[in-house]
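The values are calculated or read from the model by the stated rules, or taken from the named source; none is laboratory data. Every value quoted in this text rests on a predicted model; they were computed, and no experiment measured them. Here Cβ is always computed from backbone atoms with ideal geometry, including for glycine, and neighbour counts include all displayed protein chains. To get the accessible areas, we keep the full protein, side chains included, count just its heavy atoms, and leave off ligands, DNA and RNA. Shrake-Rupley method; radii C 1.70, N 1.55, O 1.52, S 1.80 Å.
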Protein chains: 2
Amino acid sequence: MHADIDRVVQFYFDPVSPYVWLASKQLDRLVKAGLTIDCQPLLFAGLLNAHGQKGPAEIPAKRTYIFGDVLREAARHGYAFNGPPTHPYNPLRALRMCIALEQPKERLAFAQALMDACWGEGKDLSNPDVLDRIADDCGLGTRQLGTAAGQAEIKNKLIVATNDAIAAGVFGVPTFCFNGELFWGSDRIDALLWRVDHPDVGDAKLKDFLQRKASAQRVT
Amino acid sequence: MHADIDRVVQFYFDPVSPYVWLASKQLDRLVKAGLTIDCQPLLFAGLLNAHGQKGPAEIPAKRTYIFGDVLREAARHGYAFNGPPTHPYNPLRALRMCIALEQPKERLAFAQALMDACWGEGKDLSNPDVLDRIADDCGLGTRQLGTAAGQAEIKNKLIVATNDAIAAGVFGVPTFCFNGELFWGSDRIDALLWRVDHPDVGDAKLKDFLQRKASAQRVT
């Protein structure tokens, strides 16, 4: 490992995604590898709009598959799943409360608590009272956080964070960013840990490949 | 393991996807687990059309990410990557030649050879001469296969196979199907092998979860 390598990994998340929950269950693997996690709340719906793509839950066959996959992954790893009472739900207040926390450690603790409450325990994160209780359980200033979530400055901070992520190439959640390299999906934590130990294995062919042209177009 | 469980796994593929190549590198893991692989060629573009979704290569940020991810996965597992001279390319003739093979073992050998030629060696699978050489190297009747690929009956067989896959809930490639359960992605082979050993671990909560309603809609 190189001493000059940044040891911070950004963790872009929106609690609306069950894969963010699956990823949050493995964050200790990153901490054990000496990484510091910087939770970056963003609005997943904003990513979909920016890239003009449908969300997995917006394609019926994919929605059925995705939740079967999430439950199978949960069973395989021994995580209790309950899932939120409605889905998708509005995650804005949860995201705003999270982004109002300036300390990375507090943001991480709150983000993990949000994910467990929603996907593990089946809580409704669109309910302000539920969010207040989660903040309270984390030992955070509930009233202050609730007030902050309603302020224009915090609302704007979430918009800017979402746009910054889009500019960095983020198109889905969870996405980890390590030294500018993206890792998308709860199933890319192995790849991220591999990268920590192999910082110099380059993708010399990537730039060349990305410049190759299409020779066929989909007929829709 | 249960003796009454079907030991056949369908492997839905289109060589246009680099993840199909990454999956094809691990098929021996399935064979070692006692599974018989039944290669099912289909047209990926047909899946996209049916489900009204964009392909990964059709979203610029996702295209850049996807190929970086593929090269990283290849480096991580020690697979030599070259990639086709153009992408996407027209895979129809390759798919038709494959589906013209009636023996599952021949289909599998040809499918693997297609994937290695395209993604490993950088061959152009839209070129009939390239396809003939691959078939020849597999010891298959090149002339007969080339003729079959042009026949209406074989063309129709590919359309029917694609539609059957769509009806079974397939929305992407690679997808494996084992006892009616889908496993999407080269990164779900671990889950498939887990399922072989855990046929009775149910998803009792899945049906209930899928019936839950949305309480928010994305504003586009």
Interface size B-A, as summed buried accessible area [1.4 Å probe, Å², nearest 100]: 5600
Position B:Pro199, label points 7 Å along Cα→Cβ, spacing to each other copy in nm (shortest first, one decimal): 5.0
The stretch A:96-220, accessible surface, carbon-and-sulfur percent (1.4 angstrom probe): 48
Normalised alpha carbon radius of gyration of the stretch B:181-220 [divisor 2.2 N^0.38 Å]: 1.68
Label geometry 7 Å along the beta-carbon vector: B:Ala167 inter-copy distances in nm: 5.0
Rg(Cα)/(2.2 N^0.38 Å) for the stretch A:27-151, N = residue count: 1.13
Label-point separation in nm, B:Ala214 to B:Ala167, each point 7 Å along Cα→Cβ: 2.8
In Hz, Karplus ³J(HN,Hα) per residue of the stretch B:182-196 (6.51, -1.76, 1.60; θ = phi - 60°; x = Gly, Pro): 8, 9, 9, x, 5, 8, 10, 5, 4, 5, 5, 5, 4, 4, 4
Cubic angstrom per residue, convex hull over Cα atoms of the stretch A:1-82: 129
Ranking by accessible area, most exposed first, for B:Thr64, A:Thr220 with a 1.4 Å probe: A:Thr220, B:Thr64
The stretch B:80-148-the stretch B:153-220 distance, computed between alpha-carbon centres (Å): 26
For the stretch B:112-168, alpha-carbon Rg and Dmax in angstrom: 13.1, 35
Sequence-separation-based contact order of the stretch B:30-180, relative, with Cα cut under 8 Å and 6+ spacing, percent: 32
Assigned charges on the beta-carbon of Lys, Arg, Asp, Glu; chain A dipole about Cα centre (debye): 680
Exam field: B:Lys155 pseudo-label spacings to other copies (7 Å along Cα-Cβ), nanometres: 5.7
Long-range Cα-Cα pairs in the stretch A:58-131 (distance over 21 Å), rounded percent: 35
Antiparallel DSSP beta bridges within the protein assembly as shown, as percent of all bridges there, nearest 5: 55
Rotation relating A and B, chain B residue nearest the axis via C-beta, angstrom: B:Asp187, 2
Zero-based 20 Å bins, Cα pair distances in the protein assembly as shown, whole percents: 24, 55, 20, 1
Backbone HN-Hα couplings from phi across the stretch A:100-115 [Karplus 6.51/-1.76/1.60, Hz, Gly and Pro as x]: 6, 7, 8, 7, x, 5, 5, 4, 5, 4, 5, 4, 5, 5, 4, 4
Percentage relative contact order, the stretch B:102-220, counting C-alpha pairs under 8 Å, at least six apart: 10
Where chain A is the region considered: accessible area per residue in Å², 1.4 Å probe: 44
Evaluated at q = 0.10, 0.16 Å⁻¹: base-10 log I(q)/I(0), Debye formula over Cα of the stretch B:71-220: -0.51, -1.05
